[in-house]
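Inspection log for the structure reproduced underneath, given as structure tokens.
The values are calculated or read from the model by the stated rules, or taken from the named source; none is laboratory data. None of the values given here were measured: they were computed from a predicted structure. Because the Cβ atoms are built from the backbone with ideal geometry, glycine has one as well, and the counts that use them run over all protein chains shown. Remember, those area values only see protein heavy atoms, side chains included, never the ligands or the DNA or RNA. Shrake-Rupley method; radii C 1.70, N 1.55, O 1.52, S 1.80 Å.
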Amino acid sequence: MSNIGHNNPPLDPKKAIEKNIERKKTILDRDPQFYNEVPLPSWIELSLIDVCNRTCSFCPKSDPTVAPDTYNKMEIVLIKKLIKDLKKINFQGAFSFCGYGEPLLHPNIIEISNALGEFWAIEVVTNGDPLNIENIIKLYNSKITKVVVSMYDGPEQLSQFKKLMKDANIPDNFLVLRDRWHKGEEFSDYITNRAGTVTSGKQVEVAKLSNKKCFYPAYHAQIDWNGDCYLCPHDWQRRNTLGNIMQKEFFELWNSKIWNNYRKTLFDGKRQKSPCLQCNCDGTVHGSKHYNAWLAAWNKK
């Protein structure tokens, strides 16, 4: 994953999305890895901290009654437990620091990154606001693989972040710059309703996706700051916990009855359970190989 990046996002948001999808294919759509004949995730997303410095209209953080800033943060003891669990199953996927807050606001992100990065690639998704010469050098010298910057203010941010990289004397491809400043109809090309949580922009009607399959639970694991696991990154209201990694081993949770029940209904195109009932996300962009691997694994039993 370390050689993947783009710093010249096209102004057409559709093309920008296509470029970002292509960038992530090498890890999300690789051949699945197995443990005890069970397909493992290729992508684990960690929500390091429950706070953001912005209140974007398309994000649940804009409504404190839905997603308040609690300032709760992931502790290193949880990271060490997760590392132990994943080494046990020889996990070969990658990590994303994103989730329900701004990851660069975590005071110990370097320590966490170096612990996980000893074994796996890490992509940090940020709004870019906390970046300056001092901390971008620290991030580059850590074991973080990529820093993905979602630019919300305007195209002038391109030159701003390129200058930052030049002044910090770091390689141009360490930052991946994504244009997210569009406000018109094209805005809907890269947002969802966060499983029925927000209504910003001209979004796809939920009814149009009510019978569409979703592959998220085939390849993606979502872990909150306290170790709670959730179905996918779109469940911002965190309605249904699938277990906690501080209480059980990761693989036991990943292959649990509740997680598999969700997989079976979503693989059949039945979005009848919360939070999927209100979701308008196309969950088939990535993960088709993992989806097929799960079906094959179940057919063996």
On the given criteria, is LYS202 open to solvent by 10 Å² or more (accessible area, probe 1.4 Å), of a type in the set (Lys, Arg) and either within 30 Å of SER57 (Cβ to Cβ) or under 16 Å from the mean Cα position of the chain (by Cα) (or both)? yes
Exactly one of these conditions fails for ALA168: (1) under 24 Å from the mean Cα position of the chain (by Cα); (2) surrounded by 17 or more Cβ atoms within 10 Å (Cβ to Cβ). Give me its number. (1)
Does the range 152-172 hold any residues that are charged (D, E, K, R), under 23 Å from CYS59 (Cβ atoms) and not in a helix (DSSP H, G or I), and which are they? ASP153
If the requirement is being touching a strand residue (DSSP E or B) at 6+ places or on another chain (Cβ under 6 Å) and at pLDDT 95 or above, which of these qualifies: LEU28, LEU48? LEU48
Tell me, which residue of the range 205-224 that is buried (at least 19 other Cβ atoms within 10 Å of the Cβ) and of a type in the set (Gly, Ala, Ser) is nearest to the chain's Cα centre (by Cα)? ALA221
Report yes if some residue within the range 289-300 is open to solvent by 50 Å² or more (accessible area, probe 1.4 Å), at pLDDT below 90 and either under 30 Å from GLN92 (Cα atoms) or touching a Leu at 6+ places or on another chain (Cβ under 8 Å) (or both); otherwise report no. yes
Tell me whether the range 261-271 contains one or more residues that are more than 20 Å from VAL38 (Cβ to Cβ), open to solvent by less than 10 Å² (accessible area, probe 1.4 Å), modelled with pLDDT of 90 or more and in contact with a Cys (Cβ under 9 Å, 6 or more places away or on another chain). yes
Suppose we filter the range 34-49 for residues that are over 17 Å from LEU253 (Cβ atoms) and assigned to a loop (DSSP other than H, G, I, E, B); how many remain? 2
Test each condition in (1) over 20 Å from CYS229 (Cα atoms); (2) modelled with pLDDT under 95 for GLY128 and report the one that comes out false. (2)
Take the residues in the range 124-150 that are touching a Leu at 6+ places or on another chain (Cβ under 6 Å) and under 18 Å from ASN20 (Cα atoms); name whichever of them is surrounded by the most Cβ atoms within 10 Å (Cβ to Cβ). VAL147
Within the range 106-116, is there a residue that is in contact with a Ser or Thr (Cβ under 8 Å, 6 or more places away or on another chain), crowded, with 20+ Cβ neighbours inside 10 Å, of a type outside the set (A, V, I, L, M, F, W, C) and within 20 Å of ALA67 (Cβ to Cβ)? no
